[in-house]
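The values are calculated or read from the model by the stated rules, or taken from the named source; none is laboratory data. No experiment lies behind these values; they were computed from the predicted model shown. When we count neighbours, we look across all protein chains shown, and the Cβ atoms used for this are built from the backbone with ideal geometry, even at glycine. Just the protein is used for accessible areas: all its heavy atoms, side chains included, with ligands, DNA and RNA removed. Shrake-Rupley method; radii C 1.70, N 1.55, O 1.52, S 1.80 Å.
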Amino acid sequence: MTSPARDALATRLRAAGSVFAEDEADLLLEAGDGEPTRLRALVQRRLAGEPLEYVLGWAAFDGHRIRVTPGVFVPRARTAVVVEQAARRLQRYDRVVDLCCGSGAIAVALFGRVGALDLVATDIDPDAVDVAAENVGDRGIVVRGDLFAPLPDRFRGAVDVIAVNAPYVPSASIATMPVEARDHEHRVALDGGADGLDLHRRIAAGAGEWLRLGGPVVIEVSEAQSSASAAVFADAGFAVTIEHDDEVDGTCVVATLPA
């Protein structure tokens, strides 16, 4: 709802470069909760260029508010393609891994779509693990470690779906990313190596040890890299399809371990 205060704030935000100034003004006013000092501090952080999600303390994803803190990867709408493709292959109480979980957004969205799951989320970034543990709560387990290393032994050969948003930005391309990503998110959440697919190769090499026969890896990738990622998984013995969701402009590879 428009008001002089909202319109004035939107004008300031637009002058600072905000594309969605009115929407941001509404969110900041909500977060200010009627406290002028708090609102002023939030607005100053945003005008200084801090990502809106860090200022608010949450990001919208698949109908949920996901807690985020500075440095932790902010979930993007396009990752909903991973949630959609994973959810349609799951039933309640299935065994799931949210690999490179970041804030745990994929896990939270899968709980919302599927219900109770036997889920373990992993990430190498300790800040991400802390935030993911807060978001996942007692619905699953969040552990720190490199890819599959921290998974419990009971998951070996028994995982129904591995859902992944691993870093896939080529190292040299990070400098061309929007400033809100390159200057604020931890590099470990962005950098996918020379061609962006270093983590995809490692996941393709290791996933077969953890999946049940017929279980898939559902992994986000850019549309431009999708054929190369699919080839990585095909070379590792997986049956592969590429899925794209026009609504969220998201692409993923679904790589299934043959039964």
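Enumerate the pairs (first residue in the range 193-214 and closer than 24 Å to A158 by Cβ; second residue anywhere and surrounded by 19 or more Cβ atoms within 10 Å (Cβ to Cβ) and of a type in the set (V, I, T)) with beta-carbon separation below 6 Å, excluding pairs fewer than 6 apart on the same chain, so at least 6 apart or on different chains.
H200/V232; R201/V232; A204/V232; A207/I162; A207/V217; W210/V159; L211/V159
Is at least one residue of the range 142-162 under 20 Å from G250 (Cβ atoms) and of a type outside the set (D, E)?
Within the range 142-162, one or more residues are under 20 Å from G250 (Cβ atoms) and of a type outside the set (D, E).
Look at the range 32-46 and say how many of its residues are within 21 Å of A15 (Cβ to Cβ) and without any contact (Cβ under 8 Å) to a residue 24 or more places away in the chain.
Residues in the range 32-46 being within 21 Å of A15 (Cβ to Cβ) and without any contact (Cβ under 8 Å) to a residue 24 or more places away in the chain: 8 in total.
Taking the stated definitions as given, is A107 open to solvent by less than 20 Å² (accessible area, probe 1.4 Å) and part of a helix (DSSP H, G or I)?
Answer is yes for this residue.
How do the pairs read when you match residues in the range 232-248 that are open to solvent by 60 Å² or more (accessible area, probe 1.4 Å) with residues anywhere that are of a type in the set (D, E) and modelled with pLDDT of 95 or more, using Cβ under 7 Å and keeping only pairs 6 or more apart or on different chains?
Once the first residue is open to solvent by 60 Å² or more (accessible area, probe 1.4 Å) and sits in the range 232-248, its partners that are of a type in the set (D, E) and modelled with pLDDT of 95 or more give H244/E223.
For G49, which of the numbered conditions (1) open to solvent by less than 50 Å² (accessible area, probe 1.4 Å); (2) part of a loop (DSSP other than H, G, I, E, B); (3) modelled with pLDDT of 95 or more; (4) at positive phi fails to hold?
Against the list (1) open to solvent by less than 50 Å² (accessible area, probe 1.4 Å); (2) part of a loop (DSSP other than H, G, I, E, B); (3) modelled with pLDDT of 95 or more; (4) at positive phi, G49 comes up short only on (3).
Output the number of the condition that D123 fails; it satisfies all remaining conditions of (1) within 15 Å of the chain's Cα centre (by Cα); (2) in contact (Cβ under 8 Å) with a residue 60 or more places away in the chain; (3) open to solvent by 10 Å² or more (accessible area, probe 1.4 Å).
(2)
Any idea which residue in the range 179-200 is surrounded by the fewest Cβ atoms within 10 Å (Cβ to Cβ), counting only those that are modelled with pLDDT under 95 and in a helix (DSSP H, G or I)?
So, considering only residues that are modelled with pLDDT under 95 and in a helix (DSSP H, G or I), the one surrounded by the fewest Cβ atoms within 10 Å (Cβ to Cβ) is V179.
State all residues of the range 141-171 that are free of Cβ contacts under 8 Å to residues at least 40 places away in the same chain and open to solvent by 20 Å² or more (accessible area, probe 1.4 Å); if no residue qualifies, say none.
Selection gives I141, V143, R144, D146, A149, P150, P152, D153, R154, V169, P170, S171.
Looking at the range 4-25, which of its residues are farther than 20 Å from R67 by Cβ and either open to solvent by less than 60 Å² (accessible area, probe 1.4 Å) or not in a helix (DSSP H, G or I) (or both)?
The answer is R6, A8, L9, A10, L13, A16, G17, S18, V19, F20, A21, A25.
Are any of the residues in the range 202-221 of a type outside the set (V, I, T), touching a Pro at 6+ places or on another chain (Cβ under 7 Å), within 23 Å of L151 (Cα to Cα) and crowded, with 18+ Cβ neighbours inside 10 Å?
no
Within the range 208-223, work out how many residues are under 19 Å from the mean Cα position of the chain (by Cα) and either part of a helix (DSSP H, G or I) or not β-branched (V, I, T) (or both).
4
Answer with yes or no whether E30 is acidic (D, E), assigned to a helix (DSSP H, G or I) and surrounded by 14 or more Cβ atoms within 10 Å (Cβ to Cβ).
Against the criterion (acidic (D, E), assigned to a helix (DSSP H, G or I) and surrounded by 14 or more Cβ atoms within 10 Å (Cβ to Cβ)), E30 does not qualify.
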